[in-house]
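A.B. asks: Got a structure here, written out as structure tokens. Questions coming.
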């Protein structure tokens with residue numbers, strides 16, 4: 001994989017240096033793009049802890065999309081916003097490894113009893 005990255009870098013360098021028009025007119029843009037590509041696009045090759053895809057974001061949206069398709073969508077903007085907030089709580093609890101039912105139970109108890117503090121979705125450090 002690193003060999004392929006090296007080949008791409010060599011080809012970009014060759015492209016920049018082969019033509020006078022490219023050197024004088026387009027070179028700054030290509031060099032800028034090349035620098036960005038080298039620092040961003042291939043970052044995951046040098047840092048294995050960084051995923052090369054956007055699958056986590058896609059998986060996070062899957063619950064909302066599935067719910068919308070099954071239910072036929074929302075009839076009003078207010079209902080859409082309520083659904084979005086509920087799904088946000090569900091997804092956040094799941095990602096934090098917390099029980100969704102426990103979170104909602106604590107929220108309902110706190111709402112009915114002024115002496116209880118409301119649960120937070122912010123992680124505790």
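Read-outs: derived from the displayed coordinates by stated rules, not from any lab. What you are looking at is a predicted structure, and each value in this text was computed from that prediction instead of being measured. Every residue, glycine as well, gets a Cβ built from its backbone with ideal geometry; the counts of neighbours run over all protein chains shown.
A.B. asks: So for the pair residue 67, residue 92, with labels modelled 7 Å out along Cα→Cβ, what separation do we get in nm?
C.D. replies: Each label point lies 7 Å from its Cα, and together they span 1.4 nm.
A.B. asks: Hey, another quick one. Can you put 118, 98 in order of Cβ neighbours within 10 angstrom, beginning with the fewest?
C.D. replies: Listing 118, 98 from fewest to most nearby Cβ atoms yields 118, 98.
A.B. asks: Over the Cα atoms of region 55-112, each weighted equally, I'd like the Debye log10 I(q)/I(0) at q = 0.19, 0.26, 0.27 Å⁻¹, rounded to two decimals.
C.D. replies: Once normalised to I(0) and log-transformed, intensities are -0.80, -1.10, -1.12.
A.B. asks: Please list, in order, the residues from region 83-101 whose amide nitrogen is less than 19 Å from a point placed 7 Å along the Cα→Cβ vector of residue 110.
C.D. replies: Inside the label zone: 85-101.
A.B. asks: Suppose R0 equals 41 Å. What FRET efficiency, 1/(1 + (r/R0)^6) with r the Cβ-Cβ distance, do residue 49 and residue 102 give to the nearest 0.05?
C.D. replies: That pair, residue 49 with residue 102, gives E of 0.85.
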